[in-house]
Number of protein chains: 4
Amino acid sequence: MTYMGLFDSERPLDLIAIGRVALDFNPLEMNCTLAESSTFKKYIGGSPANIVVGLSRLGKKAGFIGRVAADSFGDYAVDYFNNEGIDTSHLFRAENGEKMGLTFTEIKSPTESSILMYREGVADLALSPQDVDEEYICSAKAILISGTALCKSPSREAAIKALKLAKKNGVTVIFDIDFRDYIWKSLDEISVYYQTVAEQSDIVIGSREEFDLTGRIIGLDKEDDIIVARFWHDKGNKLVIIKHGKEGSVAYSADGARYLVKPFPVKLLKSFGGGDGYASALFYGLLEGWPLDRALEFGSAEAAMLVAAHSCSAAMPGVQTVTDFVESEKAKFGEMVFKLDD
Amino acid sequence: MTYMGLFDSERPLDLIAIGRVALDFNPLEMNCTLAESSTFKKYIGGSPANIVVGLSRLGKKAGFIGRVAADSFGDYAVDYFNNEGIDTSHLFRAENGEKMGLTFTEIKSPTESSILMYREGVADLALSPQDVDEEYICSAKAILISGTALCKSPSREAAIKALKLAKKNGVTVIFDIDFRDYIWKSLDEISVYYQTVAEQSDIVIGSREEFDLTGRIIGLDKEDDIIVARFWHDKGNKLVIIKHGKEGSVAYSADGARYLVKPFPVKLLKSFGGGDGYASALFYGLLEGWPLDRALEFGSAEAAMLVAAHSCSAAMPGVQTVTDFVESEKAKFGEMVFKLDD
Amino acid sequence: MTYMGLFDSERPLDLIAIGRVALDFNPLEMNCTLAESSTFKKYIGGSPANIVVGLSRLGKKAGFIGRVAADSFGDYAVDYFNNEGIDTSHLFRAENGEKMGLTFTEIKSPTESSILMYREGVADLALSPQDVDEEYICSAKAILISGTALCKSPSREAAIKALKLAKKNGVTVIFDIDFRDYIWKSLDEISVYYQTVAEQSDIVIGSREEFDLTGRIIGLDKEDDIIVARFWHDKGNKLVIIKHGKEGSVAYSADGARYLVKPFPVKLLKSFGGGDGYASALFYGLLEGWPLDRALEFGSAEAAMLVAAHSCSAAMPGVQTVTDFVESEKAKFGEMVFKLDD
Amino acid sequence: MTYMGLFDSERPLDLIAIGRVALDFNPLEMNCTLAESSTFKKYIGGSPANIVVGLSRLGKKAGFIGRVAADSFGDYAVDYFNNEGIDTSHLFRAENGEKMGLTFTEIKSPTESSILMYREGVADLALSPQDVDEEYICSAKAILISGTALCKSPSREAAIKALKLAKKNGVTVIFDIDFRDYIWKSLDEISVYYQTVAEQSDIVIGSREEFDLTGRIIGLDKEDDIIVARFWHDKGNKLVIIKHGKEGSVAYSADGARYLVKPFPVKLLKSFGGGDGYASALFYGLLEGWPLDRALEFGSAEAAMLVAAHSCSAAMPGVQTVTDFVESEKAKFGEMVFKLDD
């Protein structure tokens, strides 16, 4: 049995992610400005893409609903997914010359990263509601909607259509808020669409800042975490995870249980990528039917492994590697997941 | 007491409409093509504008959240509303040169009308979420969202923000689907946004074709009226009204009652404007606390009066006139509202 | 023989205009604001459209390269031109829902007029270079390029293509600067495109303000009329006409002759339309081979007749009417055209 | 004395280029597809940028009118130009989030290269006419307009404004047609703007295909090279260079002299970059006052050096290196420049 009966074991795919596949260009020269970096290594990137790569490496069967460019970089994305064993039957090509989004990373120091994004006319936001079909949605235990997919039409409507079809058919909806300050036109717009999804999702995960953006127009940004979590529980979410950066995250289960998850104290190479590792391993655990605390621990471990790696996709580990990491780190530093009292 | 406790009598405004104010240019020469018509009379138009004019003529206190042009035609709209006693404190001016939408009507015969719309860069769709404030929403017993307001950003987000604030504060939400085939980019887009509102409204009103557009992506367009009505009841609507043109409409109350409303057999001058008269008088009745069937009869009467008039706004009648019309027509033609069995 | 050998008498069409056909809505109630006007009469409008109507009424064979809407208002424009005997073989329909431009006129007093224009997504600016063909250009003695056609792509490129084809084939190019403060993005943009045409035209006509806009980036706006005229003569223009509103205009011939043209002292009904009457009758005279001063006098007469009329197109007179007007007015007020000394 | 008196030796800057600065990302792994390449080296790119780098390396004083991104990649461009001694006083930052254009190169084999361009919302096309000032234009012996700058507003108008100011002030205008099949909307549009510049330039250089695009709407694409060259001479050009790929190019001087320039037979590394080397060294020679044939030989030598190098900018050589190359290659292969008979 799975956590709170979330996943229908009859469905062949474990998870379908909806949203962006992009390319990361990470500098080989680090600890300098992006202007100074002269050589770059290309990786698959984009939060939902990283998560399906992560899940696939952990042995889960993942799919993707998205659009990639009709060019060599789009070929790269499709080839990469195919090699990873991810189902690409619903990974379409953009039809009006849209390009893959690019992320150039500046790594000035392990804690000072910044990114330069190319997001004008990108293929992922060309995802159309026509690309979303009911049969495919029904083939998965869960869909994961990335908040970035909501930032612009027609990708926005495609994501909401997937939400409606998942609700109609009892497919679990995971909402990964994944805020990126691009393309959005106003704070109100963000709040309107994040709420539209969070009101109907089963699991919602994001940073406290992302929850503030979500609840802003109805005043939730002024409330304590516990009130915020309860609000989204009342709308039907079974699990609400609020992240607080280096302080760790708190998972609020609709059955009342709460867990504090502290980060494993690893050496950072860069300050991003952890969230996608966390999500991959957490959802893996939940899909395996693990108790929530064990799934959270597994997630936290993979998060730690990712911030110590050069990429966000290529570095995704297998189950044994994460398991070994959990054991060795706990031996050194003790427990990282704590049940909180009411 | 009001119908199903819908309206909070403590709130000062009866209804705030959200959406478009436009100008109608109706030809003085009728029964010819628009190319042949050479003289035109200008009126206030746009469904939600007509409805607040109608309600105001019936003695209700109405307000409007919208944008009009910063030009002489915008002046005309503001002046007109002020003269009608409609609250214009939230009727803003467009800031980037947007113009009033225009509707030129071709009246080839009483049953053959068509319209030529100017809807590029219109002021009403420049309504911004920033224009919607919680205090104003809270001052009304009900808000009416016109489906046209959903066809484009940022008006779309403004309307959804109003919806969220109304729900948060217990303000009744009326969704008038009011489909106009302009600007919308795809059938899926229409369905996504109509559903987003209809899932959270208290009253939803539209033609069968409009309900089909609403429920299309989840297959509701293939179901009988009674299934469709129950679906929206299950989402929380207290009243669902499905219109069938000359056949009349059926009102489905969430308490199980159903009424067939047949049109009064008047002589048509034009084939439009009836719906706005219907809505004005129906909502008047409901706000007055009338039984549903009496409110429906009043609505049907005002609908009949409007299709016999040259305009959709200037011709809106007062309470006594509608009351007299109901009496005299019923004397001639008998009852028009029929309770249906289960 | 014609004025400075400008027109090749072998070519069947007298003049092809390129640019906008629009609709004018003039109020029946005058001396009030546009907000107060409630009834409007529809006319064909747009400077180049008015000029071809004017020329056609004077017996010349005119054609038009342009786009009109694929709707009833577009039908009206095509029907109107056909009725006037204007060649509509190159009057195409817009293909992407573009509408006819509209001009609502406010006539507060005979000297205080203002206009409210609908120019978003208009059909005339959808004119494409593909619509301009060499054979048609070659069939005319002259083409008239309206400066408004230059304000936006692809109409801009269509007009410049017509210019290049006219130059290649010895067709006379008349540039009517016709500035409208719509759509243009910057003063520099205006100057760039006005110059591009004025550098290669044979006749250029405009107000002093329009000549200032034209020459601004090269500092011509700081020079006297006579320097300005010489500059454009040096670029190849045979005739430069600079208008000074109520003061009249001055015509600078490349052979050194200069004429002051004073307006006939008629009673104004509105403050616009005169320019199009002036152009029609002046070009008529030049096409007839009249001496420049006689053609100017004829133009000035028709200008006077137009500002006393309710429309800019429907009121265009025939040759006899203008001739009679010239005679009777001169009998009352004396000569209006004066040769200036060097 | 310089070639045909083209350059005014009193002016401090040798040449100002107008157009794009972009970034090239060239793969370190060659002879594979772009999808397979995983590591990329970043260089300054864009034809006019390469040419000013080339001229600067040859000891000439160059400037640039352009816009670069207001981000780290824009910093890189400004820093690079400053290090090369290029005047950056008129290299502005984009103000609306525009990014540097990117060119990813696929080098499948020495003769099979292709490029993947990011040109949506690029900084270089945000160049505004307001950025072009007369005093700066007057400070240069020549300006070089890259045809790419003409592909979109407002860069298009900025380039034409520079043209008008150069003509007014006797600054030599070089038109490098430099066609890139991006952003242009139609073949007619290309022809209209290329002609607008070529009609007023002093030197025009391009491939035969580029000259065909230029002259298409007036039928010049169907004429022999010699007719094409004469047409542009008649418009005022002193030098017309038509390139024929591996066959070499022919230079047509307005004084009647013609030279065939054959390429030096070097080993290719990639199939692009040669044109910018050619232009740099040719203009260097002309600015030095060399006879045309010597300047052409110098240009051809630098072209050969560039196609054998990994970049188009960083590999630009100094005078001695080119001189040595000319000597050693001619020793091996003989003369490459041939005077043609009439």
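Observations, loosely collected:
- Within the range B:62-80, the set of residues being within 16 Å of the chain's Cα centre (by Cα) and either in a loop (DSSP other than H, G, I, E, B) or not hydrophobic (A, V, I, L, M, F, W, C) (or both) comprises B:G63, B:G66.
- Any hit, the range C:261-269, residues being more than 14 Å from chain D (Cβ to nearest Cβ), more than 22 Å from C:S191 (Cβ to Cβ) and under 18 Å from the mean Cα position of the chain (by Cα): yes
- Per-region count, the range A:3-50, residues assigned to a loop (DSSP other than H, G, I, E, B) and not aromatic (F, W, Y): 21
- Restricting the range D:190-235 to residues that are more than 16 Å from the chain's Cα centre (by Cα) and of a type in the set (G, A, S), the residue that is nearest to D:S47 (Cα to Cα): D:S191
- Pairs linking a residue in the range C:178-197 that is more than 10 Å from every other protein chain (Cβ to nearest Cβ) to a residue that is small (G, A, S) and part of a loop (DSSP other than H, G, I, E, B), with Cβ atoms under 8 Å and 6 or more positions apart or on different chains, are C:D178/C:G19.
- In the range C:8-32, residue surrounded by the most Cβ atoms within 10 Å (Cβ to Cβ) [restricted to those that are modelled with pLDDT of 90 or more and farther than 18 Å from C:P48 by Cβ]: C:F25
- Answer from A:L91, A:L28, A:L55 - the residue that is within 14 Å of another protein chain (Cβ to nearest Cβ) and at negative phi: A:L28
- Qualifying residue in the range C:110-132 (condition: assigned to a strand (DSSP E or B) and more than 21 Å from the chain's Cα centre (by Cα)): yes
- Residues being in contact (Cβ under 8 Å) with a residue 60 or more places away in the chain and out of contact with any strand residue (DSSP E or B) (no Cβ under 9 Å at 6 or more places or on another chain) - total across the range C:301-324: 6
- Of all residues in the range B:205-231, those satisfying the criterion of being within 25 Å of B:Y3 (Cα to Cα) and either of a type in the set (A, V, I, L, M) or more than 14 Å from chain A (Cβ to nearest Cβ) (or both) are B:I205, B:G206, B:S207, B:R208, B:E210, B:F211, B:D225, B:I226, B:I227, B:V228, B:A229, B:R230.
- Every residue from the range D:94-105 that is surrounded by fewer than 20 Cβ atoms within 10 Å (Cβ to Cβ) and at the interface with another protein chain (Cβ under 9 Å from one of its Cβ atoms): D:G97
- Leading residue by the ranking (nearest to D:K246 (Cα to Cα)) among those in the range D:301-329 that are charged (D, E, K, R) and surrounded by 15 or more Cβ atoms within 10 Å (Cβ to Cβ): D:E302
- Leading residue by the ranking (surrounded by the fewest Cβ atoms within 10 Å (Cβ to Cβ)) among those in the range C:81-93 that are within 19 Å of the chain's Cα centre (by Cα) and assigned to a loop (DSSP other than H, G, I, E, B): C:G85
- Of the candidates D:L144, D:L165, the single residue that is part of a strand (DSSP E or B) and either within 14 Å of another protein chain (Cβ to nearest Cβ) or touching a residue at least 60 places away in the same chain (Cβ under 8 Å) (or both) is D:L144.
- The set of residues from the range D:31-52 being within 14 Å of chain A (Cβ to nearest Cβ) and closer than 30 Å to D:I174 by Cα comprises D:K42, D:Y43, D:I44, D:G45.
Residues are listed down the side, and each one gets a yes or a no for (1) under 12 Å from the mean Cα position of the chain (by Cα); (2) crowded, with 24+ Cβ neighbours inside 10 Å; (3) of a type in the set (A, V, I, L, M):
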residue: D:A140; (1), (2), (3): no, yes, yes
residue: D:I145; (1), (2), (3): yes, yes, yes
residue: D:A159; (1), (2), (3): no, yes, yes
residue: D:I174; (1), (2), (3): yes, yes, yes
residue: D:D178; (1), (2), (3): yes, yes, no
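- Test: residue in the range D:189-202 that is assigned to a helix (DSSP H, G or I), crowded, with 22+ Cβ neighbours inside 10 Å and charged (D, E, K, R): yes
- Spans of strands (runs of 3 or more DSSP E) in the range C:241-342 with at least 1 residues under 24 Å from C:A140 (Cβ atoms): C:249-253
- Conditions (1) modelled with pLDDT of 95 or more; (2) farther than 13 Å from A:V21 by Cα; (3) not polar (S, T, N, Q): number failed by A:I115: (1)
- The criterion of being in contact with a helix residue (DSSP H, G or I) (Cβ under 7 Å, 6 or more places away or on another chain), more than 22 Å from D:I174 (Cα to Cα) and not aromatic (F, W, Y) does not hold for D:L282.
- If you go through the range C:196-251 and keep only what is out of contact with any Lys or Arg (no Cβ under 9 Å at 6 or more places or on another chain) and at positive phi, you end up with just C:G236.
- Among the criteria (1) among the aliphatic types (A, V, I, L, M); (2) in contact with a His (Cβ under 9 Å, 6 or more places away or on another chain); (3) more than 21 Å from B:I174 (Cα to Cα), the one B:V240 does not fulfil is (3).
The values are calculated or read from the model by the stated rules, or taken from the named source; none is laboratory data. Remember, predicted model here, so these are calculated numbers, not experimental data. All Cβ positions, even for glycine, are placed from backbone atoms using ideal geometry, and neighbour counts span all protein chains on display.
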